[in-house]
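Written out below as structure tokens is the structure these notes cover.
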Protein chains: 2
Amino acid sequence: MKTIQAVTYPVHFQKESYQELSNILKIKNYSTIFILVDENTIEYCYPKFIPNLETDKTIEVIEIDSGEINKNLETCIGVWNVITELGGDRKSLLITLGGGVITDLGGFVASCFKRGIDFVNIPTTLLSMVDASVGGKTGVDLGVLKNQIGLFANPEMVIIDTDYLTTVTEREIKSGTAEIIKYGLTYDVNLFNEIKDNKNLNINDLIFRSVEIKNEVVLQDPKEKNLRKILNFGHTLGHAIESFYLESEDKENLTHGEAIAIGMVCECYMSSKLLNFPKEKVIEVKNVVLTIYNKINLLKVDFSAILELLKHDKKNVNGQVNFVLLNDYEDYKIDCKVDESLIIESMEFYNL
Amino acid sequence: MKTIQAVTYPVHFQKESYQELSNILKIKNYSTIFILVDENTIEYCYPKFIPNLETDKTIEVIEIDSGEINKNLETCIGVWNVITELGGDRKSLLITLGGGVITDLGGFVASCFKRGIDFVNIPTTLLSMVDASVGGKTGVDLGVLKNQIGLFANPEMVIIDTDYLTTVTEREIKSGTAEIIKYGLTYDVNLFNEIKDNKNLNINDLIFRSVEIKNEVVLQDPKEKNLRKILNFGHTLGHAIESFYLESEDKENLTHGEAIAIGMVCECYMSSKLLNFPKEKVIEVKNVVLTIYNKINLLKVDFSAILELLKHDKKNVNGQVNFVLLNDYEDYKIDCKVDESLIIESMEFYNL
């Protein structure tokens, strides 16, 4: 399969990727290779990966606990201490093998260790393949606030091998599907239509096209001044809902995609009220979302806590929440202000 | 006084600086101005600074505990939480007002908050004026390992106002003097001679020349591939000694300059053994150091712990410690390997 050249690094696809990895290992002559995994990827992905790693250097595996709840600075401190104890130096390489928590946190850990060591990302979930593989965003959460601490840093390369998708749950695949829907609604409606029609879906093609879109967007607007903001579609309210469920002890967590799917329905609704986004398309998006994801009942009593979390969104300026809304499919408007009453109305619309 | 244009930002000197700060505040239209201080700088420096700050924006002061012991990720997490609670967003500005702990940690905090906000450094100690003001290094310690976590990030500007030096102790002034000696030995022996002769010393001129030298070095080698390594002269062994005293509960901490001064004496000694650095100059450097700093008795029983700490130096590659040594004043050699026995011998020479 082809390679996509991202801003300053390549995204390689499928088994040919490993030859590229071997090449870079030869050229860069790293001192030690650290591989960051969690308890799932060490069991299911590491055995698939390790036969492909051609090197005579020392390999050290560092395992952290899986889950968004562990994507924090305490985990980073633990990893930095282990790398230090194992003699990591500026010529060390960190390979991340896992979902978004592993790739985001690992990229941050590598970028700050001794002011920066090289890293290679190998996303193993659909979400991290289509979302985290391009764009150079690294980071961790601060309390329940997602990706509050982090920086822009580029891996040496990204490897997308869809063989790893056989190791994850159907729920995780659905989580990643939400991001593909987002690319469809904001940039290429064919993607959305394919998922809507749900016939002969070729996951490899969907991933390749998603990465291609994200790369085009990021290349045009690396620092998120304008176009790149479309990647936040569904995420402004979606993140607040995700954070709310994460911090609610009596509620089961939502996956990122489940929360973002709700966010997209609500933000389509806002778009129909504030812009000219057609009502029937709001219905269409909601139907597709409810075909894929279980309906969540957003409780009225929780709305104020969700609105409170919205105030900490990274895109806010001067305390003002900024939404990306749609005039139509593939036609966005950035920096939209939305009254609290309409945000609540949109959640009530989702609940209907 | 003049302005020095560092890599991507200016270093302004004396009272004229504040006009430059006012200008940038007008242009950038920040949402909130956070000022990072410690319990000393809030009492002694803040009152000098605040009348110079022309803005109608909200100003929030964040105080942390002073001292190297607090230059860690726990302190960062505290500051990030406070900024978050106070509604900090991507258009916030962080002004650091303090010594190296405040400027290094503050730069790191700013660079990682929501993937980076602007910051302005106002060093208030001699050490931070001549050392931390140029070069874009930010970071914090990991345990006793200095600056293990951090990154290269540039402030919007640096303000050097020597009026703040009236607020610090003589011991701190001496700590900064060690860095000026370093610039003298490695790059411009006039600086060293002025300090050696100790007649009509003009501290403003010494600072200006030191910043000028550091800037020339960093401009030529921003990523520390070659020339910039001279800035580590005295620091390789010096950092290990500093870390050792920091972690020893029964010993009083050394200042950075006190430790680096010992490191310079020892590394001059190594230079005389491995290169052609003249013996009489080793004696000369030792005499100048002992005129300024109290003699420390490095105990034989502590040597192995100090050597152990050397192994974690950031400049090490493949477990090999790399020293910058001198062929002569102003004539350096990078990446020198030194046997443990000679390192010990050099500490015994210092002890004589």
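The values are calculated or read from the model by the stated rules, or taken from the named source; none is laboratory data. Quantities reported herein were computed from a predicted structural model and do not represent experimental measurements. Ideal geometry is used to build each Cβ from the backbone, glycine not excepted, and the neighbour counts take in all protein chains shown. We work out accessible area using only protein heavy atoms, side chains counted, and drop any ligands, DNA or RNA first. Shrake-Rupley method; radii C 1.70, N 1.55, O 1.52, S 1.80 Å.
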Quiz item: Hey, among the residues in segment A:130-140 that are within 11 Å of chain B (Cβ to nearest Cβ) and not small (Gly, Ala, Ser), which one's surrounded by the most Cβ atoms within 10 Å (Cβ to Cβ)?
Solution: A:138
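Let's see how each residue does on (1) within 18 Å of residue A:67 (Cα to Cα); (2) of a type outside the set (A, V, I, L, M):
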position: A:131; (1), (2): yes, yes
position: A:140; (1), (2): yes, no
position: A:156; (1), (2): no, yes
position: A:177; (1), (2): no, yes
position: A:180; (1), (2): no, no
position: A:184; (1), (2): no, yes
position: A:197; (1), (2): no, yes
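For segment B:106-132, give me the residue count where each residue is among the aromatic types (Phe, Trp, Tyr) and more than 19 Å from residue B:50 (Cα to Cα). Walk me through how you get there before you give the answer.
Of segment B:106-132, the ones among the aromatic types (Phe, Trp, Tyr) are B:108, B:113, B:119.
Next, from what is left, pick out any that are more than 19 Å from residue B:50 (Cα to Cα): B:108, B:113.
The total comes to 2.
I need the helices (runs of 4 or more DSSP H) fully contained in segment A:158-252, keeping only those with at least 3 residues that are touching a His at 6+ places or on another chain (Cβ under 9 Å) and not β-branched (Val, Ile, Thr).
Numbers: elements: A:170-186, A:189-197, A:203-220, A:235-247.
The helices (runs of 4 or more DSSP H) meeting that bar are A:170-186, A:235-247.
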Quiz item: Out of segment A:283-300, which residues are of a type in the set (A, V, I, L, M, F, W, C) and either touching a strand residue (DSSP E or B) at 6+ places or on another chain (Cβ under 8 Å) or touching a residue at least 60 places away in the same chain (Cβ under 8 Å) (or both)?
Solution: A:285, A:288, A:289, A:292
Quiz prompt | Output for segment B:78-88, where each listed residue is buried (at least 18 other Cβ atoms within 10 Å of the Cβ) and facing another protein chain (nearest Cβ under 7 Å) | solution = B:80, B:84
Quiz item: In segment A:97-122, what residues are away from chain B (no Cβ under 14 Å), in contact (Cβ under 8 Å) with a residue 40 or more places away in the chain and outside any helix (DSSP H, G or I)?
Solution: A:97, A:98, A:99, A:120, A:122
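Residue-by-condition table, conditions (1) surrounded by fewer than 18 Cβ atoms within 10 Å (Cβ to Cβ); (2) in contact (Cβ under 8 Å) with a residue 24 or more places away in the chain; (3) among the small types (Gly, Ala, Ser); (4) not in a loop (DSSP other than H, G, I, E, B):
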| site | (1), (2), (3), (4) |
| --- | --- |
| A:41 | no, yes, no, yes |
| A:62 | no, yes, no, yes |
| A:69 | yes, yes, no, yes |
| A:76 | no, yes, no, yes |
| A:90 | yes, yes, no, no |
Self-check item: Subset of segment B:304-324 [open to solvent by less than 40 Å² (accessible area, probe 1.4 Å) and either part of a loop (DSSP other than H, G, I, E, B) or in contact with a strand residue (DSSP E or B) (Cβ under 9 Å, 6 or more places away or on another chain) (or both)]
Solution: B:309, B:313, B:314, B:315, B:316, B:321, B:322, B:323, B:324
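What residue, of A:242, A:224, is on the phi > 0 side of the Ramachandran plot, open to solvent by less than 50 Å² (accessible area, probe 1.4 Å) and at pLDDT below 95?
A:224
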Exercise. Return only the number of the condition from (1) among the polar types (S, T, N, Q); (2) in contact with a helix residue (DSSP H, G or I) (Cβ under 7 Å, 6 or more places away or on another chain); (3) farther than 19 Å from residue B:332 by Cα that residue B:220 does not satisfy.
Key: (3)
Quiz item: Is it the case that segment A:331-345 has a residue that's on the phi < 0 side of the Ramachandran plot, part of a helix (DSSP H, G or I), open to solvent by less than 20 Å² (accessible area, probe 1.4 Å) and touching a His at 6+ places or on another chain (Cβ under 8 Å)?
Solution: no
Quiz item: Of the residues in segment B:147-188, how many are more than 26 Å from residue A:81 (Cα to Cα), in contact with a Leu (Cβ under 9 Å, 6 or more places away or on another chain), of a type in the set (Val, Ile, Thr) and buried (at least 20 other Cβ atoms within 10 Å of the Cβ)?
Solution: 6
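Scanning for something among the aromatic types (Phe, Trp, Tyr) and not assigned by TED's automatic domain parsing to the domain that holds residue A:340, does segment A:236-246 turn up at least one residue?
Taking segment A:236-246 first, the residues among the aromatic types (Phe, Trp, Tyr) are A:244-245.
Checking the rest, the ones that are also not assigned by TED's automatic domain parsing to the domain that holds residue A:340 come to none.
Scanning segment A:236-246, I find no residue that is among the aromatic types (Phe, Trp, Tyr) and not assigned by TED's automatic domain parsing to the domain that holds residue A:340, so the answer is no.
Filter segment B:155-201 down to the residues that are of a type in the set (D, E, K, R) and within 19 Å of residue B:262 (Cα to Cα) and list them by number. Walk me through it before giving the result.
Looking only at segment B:155-201, we keep the residues that are of a type in the set (D, E, K, R), and these are B:156, B:161, B:163, B:170-172, B:174, B:179, B:182, B:188, B:194, B:196-197, B:199.
Once the filter is applied, which keeps residues that are of a type in the set (D, E, K, R) and within 19 Å of residue B:262 (Cα to Cα), segment B:155-201 yields B:170, B:171, B:172, B:174, B:179, B:182, B:196.
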Exercise. Considering (1) within 14 Å of another protein chain (Cβ to nearest Cβ); (2) over 24 Å from residue B:39 (Cβ atoms); (3) open to solvent by 10 Å² or more (accessible area, probe 1.4 Å), say which one residue B:144 fails and leave the rest.
Key: (2)
Quiz item: Quick one: would you say residue A:263 is open to solvent by less than 10 Å² (accessible area, probe 1.4 Å) and on the phi < 0 side of the Ramachandran plot?
Solution: yes
Self-check item: Where residue B:277 falls short, out of the listed (1) in a helix (DSSP H, G or I); (2) open to solvent by less than 20 Å² (accessible area, probe 1.4 Å)
Solution: (1)
Practice problem: Please find, among A:34, A:49, the residue that is assigned to a strand (DSSP E or B) and either of a type in the set (Phe, Trp, Tyr) or surrounded by fewer than 16 Cβ atoms within 10 Å (Cβ to Cβ) (or both). | Solution: A:34
Quiz prompt | Cβ pairs under 6 Å, 6+ apart, first in segment B:305-324 and facing chain A (nearest Cβ under 7 Å), second in a strand (DSSP E or B) | solution = B:312/B:145
Exercise. State yes or no: is residue B:301 open to solvent by 10 Å² or more (accessible area, probe 1.4 Å) and either assigned to a helix (DSSP H, G or I) or within 14 Å of chain A (Cβ to nearest Cβ) (or both)?
Key: yes
Quiz item: Taking segment B:154-187 only, how many residues are at pLDDT 95 or above and within 14 Å of chain A (Cβ to nearest Cβ)?
Solution: 0
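For (1) over 15 Å from residue A:349 (Cα atoms); (2) at pLDDT 95 or above; (3) more than 22 Å from the chain's Cα centre (by Cα), each residue gets a yes or a no:
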{"position": "A:262", "(1), (2), (3)": "no, yes, no"}
{"position": "A:265", "(1), (2), (3)": "no, yes, no"}
{"position": "A:276", "(1), (2), (3)": "yes, no, yes"}
{"position": "A:280", "(1), (2), (3)": "no, yes, yes"}
{"position": "A:285", "(1), (2), (3)": "no, yes, no"}
{"position": "A:303", "(1), (2), (3)": "no, yes, yes"}
{"position": "A:316", "(1), (2), (3)": "yes, no, no"}
{"position": "A:319", "(1), (2), (3)": "yes, no, yes"}
{"position": "A:329", "(1), (2), (3)": "yes, yes, no"}
Quiz item: For residue B:327, all conditions in the list (1) surrounded by fewer than 21 Cβ atoms within 10 Å (Cβ to Cβ); (2) within 30 Å of residue A:86 (Cα to Cα) hold save one; what is the number of the exception?
Solution: (2)
Quiz item: Within segment B:49-77, can you find the residues that are over 26 Å from the mean Cα position of the chain (by Cα) and within 11 Å of another protein chain (Cβ to nearest Cβ)?
Solution: B:57, B:58
Self-check item: Candidates B:127, B:94, filtered to the one that is part of a helix (DSSP H, G or I), away from chain A (no Cβ under 11 Å) and touching a residue at least 60 places away in the same chain (Cβ under 8 Å)
Solution: B:127
